[in-house]
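Trainee: This structure is in structure tokens; I'll ask about it shortly.
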Amino acid sequence: MTYFVTGATGFVGKFLVTNLLKRDNGKAGTIYVLVRKQSMKKFDEVVKWWGLDPKTQKRVVAINGDLGKPKLGLAPADITKLRGKVSHFFHLAAIYDMAADAASQGVANIDGTRNAIQLAEAIKASCFHHTSSIAAAGLYDGTFREDMFEEAEELDHPYFRTKHDSEAIVRTECKTPWRVYRPGMVVGHSKTGEIDKIDGPYYFFKLIQKMRKMLPQWMPTVGIEGGRINIVPVDYVVDAMDYIAHKKGLDGGCFHLTDPEPMRIGEILNMFAKDAHAPQMTMRLNAKMFSFMPDYILQGLMSVAPVRRARNQILNDLGIPKDIFSFISYPTKFDNRETVKALKGSGISVPKLQDYSWRLWDYWERNLDPDLFIDRTLRGKVEGKVVVVTGGTSGIGEATALKMAEAGAKVVIVARDPEKAKETLAKIKAAGGTAKFYSCDLSSLDDCDKLVAAVLKDFGTCHYLVNNAGRSIRRGIANSFDRFHDFERTMSLNYFGSLRLIMGFLPAMMKQNSGHIINISSIGVLTQAPRFSAYVASKAALDAFAGSAASEFVDNNIHFTTINMPLVRTPMIAPTKMYNSVPTLSPEQAADLVVEAIVYKPVRIATRLGIAGAVLHAISPKLTQIILNAAFRMFPDSTAAQGKKGEATKEVEMTPEAVAFAQITQGIHW
């Protein structure tokens, strides 16, 4: 028995061919498959997937052609070779993507079907098997039987329309005996979970995954409810098609390869949430609740630019096509009694989704999760790019500059002391990287302007700006009444210096339509740590500026990331000897947070303790102030900060209570 298959390298097609290869104990005849010339490499890969050797096997033969050409573009010699030999012509090639444009769907689904019928007639195939879809019913409100066709409703969407029209061509134009198959929404293999693309319920997997990351599994959440979605695994579809195709007396029949007991969308999403160990959507809102709102109001709301852009951004982040929500309240049920009758005695039936849904989730997360294909390497982000690092000759700045250089970036090191820079440049050179040093006093606005001009002249642009240079002063306000200059010099470097560089490099970033500004802030901004009022205020100002600026430049593809850095073991904290007794990050660990910022581009990076501090300030500010005041008294100013002359090097010893508290509040400046 000889076969001709279109779409054999597609998802359903390759499983169908697997079944055909097993027929007659593996002794079935030749299987001819339609392959475009430019797709021969993919064909060879699928041949291997079938367990055959592409160089020696003769069971599956590629026939060059094109879906959009008459008689599928087959050469006359190939038509002559096939004439009278093909028992079963399986037409599976089509576009099954609801997000595809109408023109492409028209060519593939409608023209492709007409061309396939022409070829089947030209080679005198015994039976033409057309793989349609339940989409041929449109949005029929009620139960759609296998003998129904013209009754289809609401075919406005191009996917529904082209599926319906292609089936109509088979019914009205095909002179070869035919059979039509309407599968439900085809998902992965029920035994292995294997699938080749994200579609249908898979669109919501990223949302479920994000919920799992953000919330504990026991927390109830709000979800959606809608119509019953008919889902079937690919192995059931091909097993049923294979069996029905070879059964006599069924020509002219239509077969619903569907689940007789489909589940509602809310139930399905909860099932996958359970498989993912994510929170359950305990409270589900039925989409019909909002049907009272006229369409023109909803369309008008979605046409407002901020609403539309926010919606598009959320959907893009989750990988959900906007059209998918049009079918939440899917109204159609499918009667499949003719299919059940045809399959009687075969042992083929639809497996329950709850028995294999976990395999679908597992396969998606291991093989198709879009995050798996993101380049998470630092080199992939910064190689060949200009990275400006201030305070780059020691501490966090030096560690960051080294990581950037090792990843192939063009590193610009900014600091005051050229002598210190020599050692850093030597380390970078030894690591095989390249860097250039610029001496600059960032507390001087004139120096900042000269630096920006020099970098743009030498490099032409700036892709990443890491505002790391800073000054910290650990002194209580009561000991600062006569030291207003502490606040002025801290603000001039930590805020105005960074701000001057940002505003200097932004025009170049706007011109290239890309850029990333990373500000090294402090956990103290979130916890509002006492004794660091000058430092925290300057960093808070920079945080606030970045928050406002980010909203202005997001459509320029310019990102702002604030790192609320915990306590780091750098020369800046060295004068405070008590920090020798408290946990700190190493400069290399701090530089890893900068790497995280560059790779993932988050708005903020902060420790859980820092976030907890911000939450406490928001929900219970008075209690938080009392706790911080107790800590303030527990960790007094140094003798130098108290202004006691002659005792500048003497450090107040930490009590056991203070050491214990510092351990509990790791990373916070006290």
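Trainee: Ala426 versus Glu151, label points 7 Å from Cα toward the beta carbon: distance in nm?
Mentor: 8.7
Trainee: Let me ask something else about it. Just to verify a number: FRET efficiency for Asp555 and Asn25, C-beta to C-beta distance, R0 = 60 Å, to 0.05?
Mentor: 0.45
Trainee: With the crude spin-label approximation of a point 7 Å out along Cα→Cβ, what separation in nm comes out for Lys191 versus Asp141?
Mentor: Once both label points are built, they end up 4.4 nm from each other.
Trainee: Order these peptides, 394-402, 196-204, by their mean beta-carbon neighbour count within 10 angstrom, highest first.
Mentor: 394-402, 196-204
Trainee: How large is the Kirkwood hydrodynamic radius of segment 47-116, counting all unique pairs of alpha carbons, in Å?
Mentor: Taking every pair of different Cα atoms in segment 47-116, averaging 1/r and inverting gives 14.2 Å.
Trainee: Then there is this: For segment 329-391, what number results from the quotient of the Cα radius of gyration and 2.2 N^0.38 Å?
Mentor: After normalising by residue count via 2.2 N^0.38 Å, the value is 2.32.
Trainee: Would you kindly find the accessible area of Phe43, with a 1.4 Å probe and non-protein molecules such as ligands, DNA and RNA excluded, rounding to the nearest 10 Å²?
Mentor: Taking all protein chains as shown, Phe43 has close to 10 Å².
Trainee: For Val386, which sequence-distant residues (separation of 5 or more, or a different chain) have an amide H within less than 5 Å of its own amide H, given hydrogens modelled in the peptide plane?
Mentor: Lys410, His463, Tyr464
Trainee: Quick one: Cα convex hull volume of segment 152-287, Å³ per residue?
Mentor: 143
Trainee: Next question, about the same structure. Would you kindly derive the ³J(HN,Hα) couplings of segment 330-341 from the backbone phi angles with the Karplus curve 6.51 cos²θ - 1.76 cosθ + 1.60 (θ = phi - 60°), listing them in order in whole Hz, with x for Gly and Pro?
Mentor: With the stated coefficients, segment 330-341 comes to 4, x, 9, 10, 10, 7, 10, 5, 5, 5, 4, 4 Hz.
Trainee: Rank these by accessible area, largest first, 1.4 Å probe: Trp178, Trp49.
Mentor: Trp49, Trp178
Trainee: Here's a follow-up. Using a simple charge model, +1 on the beta-carbon of Lys and Arg, -1 on the beta-carbon of Asp and Glu, nothing else, what dipole does segment 146-294 show about its Cα centre, in debye to the nearest 20?
Mentor: The calculated dipole for segment 146-294 is roughly 720 debye.
Trainee: Report the gain in length on full extension from Ile374 to Ala75: 0.36 nm times residue separation, minus Cα-Cα distance, nm rounded to one decimal.
Mentor: 103.4 nm
Trainee: How do Met214, Met503, Met404, Met263 rank by accessible surface area computed with a 1.4 Å probe, from largest to smallest?
Mentor: Sorted by accessible area, descending: Met214, Met503, Met263, Met404.
Trainee: Can you quote the Å³ per residue value for the convex hull of the Cα atoms in segment 223-271, rounded to an integer?
Mentor: Taking the convex hull of the Cα positions in segment 223-271, it is 78 Å³ per residue.
Trainee: Between Asn316 and Lys58, what's the calculated FRET efficiency when r is the beta-carbon distance and R0 is 51 Å? Round to 0.05.
Mentor: Using R0 = 51 Å, I get an efficiency of 0.65.
Trainee: Ok, one more. Over all directions, the average projected area of the alpha-carbon convex hull for segment 1-95 comes to how many nm²?
Mentor: Convex hull of Cα atoms, orientation-averaged projection: 6.0 nm².
Trainee: While we're on this one: Hey, for a label at Leu445 modelled as a point 7 Å past Cα toward Cβ, could you say which residues of segment 470-500 have their backbone N under 16 Å away?
Mentor: Only 488-500 pass the distance filter.
Trainee: Once Lys and Arg get +1 and Asp and Glu get -1 on their Cβ, which of Ser443, Thr339, Ala401 lies farthest toward the positive end of the dipole of segment 316-443?
Mentor: In segment 316-443, that residue is Thr339.
Trainee: Here's another thing I want to ask about it. Modelling each spin label as a point 7 Å along the Cα-to-Cβ direction, I'd like the Ser104/Arg366 distance in nm, to one decimal.
Mentor: So the two model labels end up 3.0 nm from each other.
Trainee: Expressed as a whole percentage, what fraction of the accessible surface of segment 391-495 belongs to carbon and sulfur atoms when a 1.4 Å probe is rolled over the protein heavy atoms?
Mentor: Carbon and sulfur together cover 51 percent of it.
Trainee: Please compute the volume of the convex hull spanned by the alpha-carbon atoms of segment 186-235 and report it per residue in Å³.
Mentor: 113
Trainee: Under 5 Å between amide H atoms, partner at least 5 residues away or on a different chain: which partners does Arg416 have, H built in plane at 1.01 Å?
Mentor: For Arg416, whose amide H was placed from the backbone, the distant partners under 5 Å are Cys440.
Trainee: Taking amide hydrogens as modeled 1.01 Å from N in the peptide plane, which residues meet the under 5 Å criterion relative to Thr2, leaving out close sequence neighbours?
Mentor: HN-HN under 5 Å from Thr2: Ser87, His88.
Trainee: Ordering Asp239, Asp555 by how much accessible area each has at a 1.4 Å probe, largest first, what is the list?
Mentor: Reading off the accessible areas and sorting them downward yields Asp555, Asp239.
Trainee: Continuing with the same structure: Let's test the formula: R0 of 30 Å, r as the Cβ-Cβ distance of Glu261 and Arg36. What FRET efficiency results, to the nearest 0.05?
Mentor: 0.15
Trainee: Along its three principal axes, how long is segment 16-72 when you only count alpha carbons? Whole Å, largest extent first please.
Mentor: Dimensions of segment 16-72 along the principal axes of its Cα atoms: 36, 21, 17 Å.
Trainee: Based on the Kirkwood radius over alpha-carbon pairs, what value in µm²/s does the Stokes-Einstein equation return for the translational diffusion coefficient of segment 454-535 at 4 °C and 1.567 mPa s?
Mentor: My calculation gives 89 µm²/s for D.
Trainee: If I ignore ligands, DNA and RNA and count only protein heavy atoms, how much of Thr332 is accessible to a 1.4 Å probe, in Å² to the nearest 10?
Mentor: Accessible surface of Thr332 is approximately 10 Å².
Trainee: A further question follows. Give the accessible area for Lys124 in Å² (nearest 10); use a 1.4 Å probe, count only protein heavy atoms, and leave out ligands, DNA and RNA.
Mentor: Counting only protein heavy atoms, the figure is 130 Å².
The values are calculated or read from the model by the stated rules, or taken from the named source; none is laboratory data. Only a predicted model underlies this, so the values are computations on that prediction, with no experimental measurement involved. Counting neighbours? That spans all protein chains shown, and the Cβs are built from the backbone with ideal geometry, glycine included. To get the accessible areas, we keep the full protein, side chains included, count just its heavy atoms, and leave off ligands, DNA and RNA. Shrake-Rupley method; radii C 1.70, N 1.55, O 1.52, S 1.80 Å.
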